[in-house]
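The structure appears below as C-alpha cells.
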Amino acid sequence: MPSQGSLALVVAGAALACNGGLAPTTCQGICGTVHFRVPPPDSTQAAYVVAYHTFPRSRADLFTFQPPITALRALPLGVDSAFYDAAVEPGRYEWVLAVWVKQGFTLANADTTLRAAGFYRDPADTSRPGIVTVTAQGASAIDFVIDFSQMSPPCRYYSPPCP
C-alpha cells in the first residue's frame with residue numbers, strides 16, 4: 001500500500017502534467033486565454049473571438065470573419081480570464097480579435113453597435129496585430145487582453161477612417 005507521501009507526489013505530478021488544469025492545450029482552430037482588464041459595459045449583448053484572413057478595410061469586409069456567425073461562441077463575462085476556442089479553418093489570419101456587441105445589434109447598425117475590444121498582438125511589435133497560422137492541428141496559446149474601456153469602432157480601420 002503506497003504511503004500518503006508517495007500518493008501526494010503522484011497526484012502532484014498528474015496535476016502538473018495537465019498543463020493548466022483541465023483546459024485543453026490544443027484545439028481545432030484558434031484557442032487560448034483572454035484576460036479581461038475591466039468589466040464589460042451594462043449595454044453588452046455579448047463578446048466573441050473572431051479571425052480575419054485579411055485585415056478588414058471597408059464596411060463590406062466587416063462580416064468576412066471566421067468562424068461563421070452560426071458557429072460563434074460567446075465569451076463568459078464577469079470573470080478575470082477565460083479559455084476560448086474559435087473553430088476556424090486552417091489558414092493564415094491577419095487579425096484575431098474580441099468583438100464587443102452592444103444590445104440592439106442589427107446588420108444595419110453594425111458600425112455603431114460593434115467594437116474591437118482587444119486583439120492578439122505581434123510578439124515582436126505589440127503595437128501591431130499578430131498573424132496566426134492555423135494548421136490541421138490548430139493554433140493554441142493565442143492569448144490576449146480584452147479592455148472594454150479602450151474599444152474601437154470598426155470604421156477606425158477603414159480607408160478613409162471614421163471621423
Note, ³J(HN,Hα) from phi for the stretch 133-145, Karplus 6.51, -1.76, 1.60, rounded to Hz, x at Gly and Pro
9, 9, 9, 4, 8, x, 9, 9, 6, 8, 9, 7, 9
Charges only on Cβ, +1 for Lys and Arg, -1 for Asp and Glu: so what's the dipole of the stretch 51-163 about the Cα centre, in debye to the nearest 20?
300 debye
Here, the stretch 111-163 modelled as identical Cα point scatterers in vacuum has Debye log10 I(q)/I(0) at q = 0.13, 0.14 Å⁻¹ of -0.43, -0.49
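Tell me, what is the per residue accessible area of the stretch 57-114 in Å², probe radius 1.4 Å? Don't jump to the answer; show the numbers that get you there.
On the way: 3140 Å² over 58 residues.
About 54 Å² of surface per residue is accessible.
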Please compute P(r) over all alpha-carbon pairs of the stretch 29-163, binned at 10 Å starting from zero, and give each bin as a whole-number percent.
12, 46, 36, 5, 0
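The values are calculated or read from the model by the stated rules, or taken from the named source; none is laboratory data. Note that the structure is a prediction, hence the values are computed from the model and not measured. Counting neighbours? That spans all protein chains shown, and the Cβs are built from the backbone with ideal geometry, glycine included. With ligands, DNA and RNA removed, areas are computed over all heavy atoms of the protein, side chains included. Shrake-Rupley method; radii C 1.70, N 1.55, O 1.52, S 1.80 Å.
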